[in-house]
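Okay, structure first, notes after.
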Amino acid sequence: MAFSKVFTIPGRGFPRFKKKGRNDSLYLEGNIKISGNRIKLPKIGWVRTYEKHLPPILVKSNSNVTISCFAARWFISYKVDVKPEHVEHSYGGVGVDLGLKTLATLSNGKTFPAVKAYRKAKSKIAHLQRSVSRKVKGSNNRKKAILKLQKAHYRVASIRNDATHKLTIYLAKNHSEVVIEDLNVSGMLKNHRLAQAIADGGFYEFRRQLEYKCQWYDSKLTVVDRFFPSSKTCSHCGHVRKGLKLSDRTFVCSSCGFFLDRDWNAAINLALAGSSPVSACGASH
């Protein structure tokens, strides 16, 4: 059936065959019911979940679920109608500068430390990878070793996602406008000295979450052009300092003598590039 659609539906490609044990997932469509922490699936029946209470399915017609497996853990996802939540923002616009040592520096001086989940678990993951390579292919011991390695990677991803979710919710829920920079993440990853730290920060996931959460909490997301010199511009007088190195962690203006932390100065410049009243408190001379 999937092969016949290649010639009848324009733009439909050839079917991709799935192999057991790689990206295991299935799609079910039909009558789905929710009762507490249980969900009734077509052809499977009632399935108990670890959630205390599952959100009810408001749209009964054409309801469907997707079941997927990650590190021997099965997850289920389905659609739920959610109305946007009206929130009174406590602050105005805020600039957010992403970094490596600190996950984010805000224009009001608040910083969020980087969790560095992969860096902390790097030695353990390397040990598990060596253990997998020593096992005979196709053996049960190799399957057990691969499962341990998958759980280690899943734990790193969960820690990183938890920190990103908490930060993006705080920004979207408490600020009327969030100003970020359009980072060229794929180009930054070509720097092999910083690629691991950049990937561990999850910059792309940060922007992706911020885009839909700003819609949830009725806040505005402004993305500044990637060529905007936020780090090289003085937030006090506007002078652009050329030749600023990555090792220079303190910005010192050669025109007015103003000095400030490099990331904080960049965050203030991003906040000033927005359209809402700025929640910025720059340092003095």
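The values are calculated or read from the model by the stated rules, or taken from the named source; none is laboratory data. Just so it is clear, the structure is predicted and the values come from calculations on it, not from any experiment. Using ideal geometry, Cβ is built from the backbone for each residue, glycine included, and neighbour counts are taken over all protein chains shown.
Per the conditions (1) basic (Lys, Arg); (2) loosely packed, with under 13 Cβ neighbours inside 10 Å; (3) not assigned by TED's automatic domain parsing to the domain that holds Tyr27, the sole criterion not satisfied by Lys124 is (2).
Just a yes or no: is a residue in the range 160-168 over 13 Å from the mean Cα position of the chain (by Cα) and at negative phi? Taking every residue of the range 160-168 in turn, none turns out to be over 13 Å from the mean Cα position of the chain (by Cα) and at negative phi. In summary, Val179 fulfils each of the numbered conditions (1) among the β-branched types (Val, Ile, Thr); (2) touching a residue at least 60 places away in the same chain (Cβ under 8 Å); (3) more than 30 Å from Glu88 (Cβ to Cβ) with the single exception of condition (3).
Per-residue answers, yes or no, for (1) exposed (fewer than 15 other Cβ atoms within 10 Å of the Cβ); (2) under 17 Å from the mean Cα position of the chain (by Cα):
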position	(1), (2)
His192	yes, no
Gln209	no, yes
Tyr212	yes, yes
Pro229	yes, no
Arg241	no, no
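Among the residues of the range 121-133, are any within 22 Å of the chain's Cα centre (by Cα), outside any helix (DSSP H, G or I) and modelled with pLDDT of 90 or more? Among the residues of the range 121-133, at least one is within 22 Å of the chain's Cα centre (by Cα), outside any helix (DSSP H, G or I) and modelled with pLDDT of 90 or more, which makes the answer yes. Residues in the range 127-150 that are within 19 Å of Ala72 (Cα to Cα) and either surrounded by 15 or more Cβ atoms within 10 Å (Cβ to Cβ) or in contact with a helix residue (DSSP H, G or I) (Cβ under 8 Å, 6 or more places away or on another chain) (or both): Leu128, Gln129, Ser131, Val132, Arg142, Ala145, Ile146, Lys148, Leu149, Gln150.
Restricting to the range 243-271, name every residue that is among the charged types (D, E, K, R) and surrounded by fewer than 12 Cβ atoms within 10 Å (Cβ to Cβ). Before you say what the answer is, go through the steps one by one.
Kept after step one, since they are among the charged types (D, E, K, R), are these residues of the range 243-271: 245, 248-249, 261-263.
Matches in the range 243-271: Lys245, Arg249.
On the stretch given as the range 154-169, residues that are surrounded by fewer than 16 Cβ atoms within 10 Å (Cβ to Cβ) and either touching a residue at least 60 places away in the same chain (Cβ under 8 Å) or within 15 Å of Ala126 (Cα to Cα) (or both) total 2. So for the range 38-60 (the condition being of a type in the set (Lys, Arg) and within 27 Å of Lys173 (Cβ to Cβ)), does at least one residue qualify? Looking for residues that are of a type in the set (Lys, Arg) and within 27 Å of Lys173 (Cβ to Cβ), one finds at least one in the range 38-60, hence yes.
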